[in-house]
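This report concerns only the one structure given below.
The values are calculated or read from the model by the stated rules, or taken from the named source; none is laboratory data. Just so you know, these numbers come straight off a predicted model, no measurement behind them. Positions of Cβ are generated from backbone atoms using ideal geometry, with glycine treated the same way; all protein chains shown enter the neighbour counts. Areas reflect the complete protein model, heavy atoms only, side chains present, ligands, DNA and RNA absent. Shrake-Rupley method; radii C 1.70, N 1.55, O 1.52, S 1.80 Å.
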Amino acid sequence: LSIASHELRTPLTPLHLKLELLAREIGDRVAPEHQERLHAHVQGMRRQVRRMGELINGMLDLSRIDSGLLPLEANQFSLAEVVREVVARHQEEAVRAGCEVSLELGSEGVGRWDRIRVEQVITNLLTNALKYGAGHPVLLRLTEDDEQVTLEVVDEGIGIEADQVPRLFQRFARAVSERNYGGLGLGLYITRRIVENHGGTVRVTSEPGRGSTFRISLPKGFLPEGRS
């Protein structure tokens, strides 16, 4: 998986650069009346390239996790700040999904975690909420106490059948049709492993047809300073 992921990722960088060049060429050389249609095509290709990158990174993370080679770089930062950044980055995706994303950040939630990996967890949960809660509002709620910070991602989408919940965080697990929703079924498994490596927990409560609430709790000072 590790070798395949690296090989598959190699052509994505030049492809991404070519798409950026194509977008500039359209702006410089194409008649204005045709630019909007062509830019829409380029945006569609960008999304597919990004999606392919996410799938490949998922396979690479799986190989690292299973081999125990997923290092964590501990830094002190605000979880609320990362939540705002992730939501802003996915604003276009939220509009396409017809989801109004709202935030209830009761505090800044400062702790010592691996920022990149925690950002990955929030991204996984938000993109899942947009995918399975399309057309409905999505809420991200942050709370904390003296020892830990808790983030809830709430959607009002299709929900999860009770018999599927226990296997939801396993590798390649799928609670819905692959044909309708796609993906490898790795996102929640990787999310669970990252959270557990931080000494935290991840839980889900759901009701079919009423939506789901994913809840992660991270202890504020579990990771030592520096590399773990």
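Scan segment 27-36 for residues that are more than 21 Å from His16 (Cβ to Cβ) and either of a type in the set (D, E, K, R) or open to solvent by less than 60 Å² (accessible area, probe 1.4 Å) (or both) and report the count. Explain how you work it out, then say what you get.
Going through segment 27-36, the residues more than 21 Å from His16 (Cβ to Cβ) turn out to be 31-34, 36.
Now narrow it down to the ones that are either of a type in the set (D, E, K, R) or open to solvent by less than 60 Å² (accessible area, probe 1.4 Å) (or both): 31, 33, 36.
Adding up the residues that qualify gives 3.
Yes/no per residue for (1) out of contact with any Cys (no Cβ under 9 Å at 6 or more places or on another chain); (2) closer than 19 Å to Thr191 by Cα:
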{"site": "Gly98", "(1), (2)": "yes, no"}
{"site": "Val101", "(1), (2)": "yes, no"}
{"site": "Glu104", "(1), (2)": "yes, no"}
{"site": "Gly111", "(1), (2)": "yes, yes"}
{"site": "Asp114", "(1), (2)": "yes, yes"}
{"site": "Glu119", "(1), (2)": "yes, yes"}
{"site": "Leu126", "(1), (2)": "yes, yes"}
{"site": "Gly135", "(1), (2)": "no, no"}
{"site": "Glu144", "(1), (2)": "yes, no"}
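So which strands (runs of 3 or more DSSP E) are wholly in segment 43-148 and hold at least 2 residues that are open to solvent by less than 40 Å² (accessible area, probe 1.4 Å), at negative phi and in contact (Cβ under 8 Å) with a residue 12 or more places away in the chain?
Of the strands (runs of 3 or more DSSP E) lying wholly inside segment 43-148, those with at least 2 residues that are open to solvent by less than 40 Å² (accessible area, probe 1.4 Å), at negative phi and in contact (Cβ under 8 Å) with a residue 12 or more places away in the chain span 73-78, 110-114, 138-144.
Using the structure shown, decide if Asn197 is modelled with pLDDT of 85 or more, open to solvent by 30 Å² or more (accessible area, probe 1.4 Å) and of a type in the set (S, T, N, Q).
It is true that Asn197 is modelled with pLDDT of 85 or more, open to solvent by 30 Å² or more (accessible area, probe 1.4 Å) and of a type in the set (S, T, N, Q).
Considering only residues that are open to solvent by less than 20 Å² (accessible area, probe 1.4 Å) and either among the charged types (D, E, K, R) or assigned to a strand (DSSP E or B) (or both), which ones fall in segment 200-213?
Residues satisfying the conditions are Val202, Gly211, Ser212.
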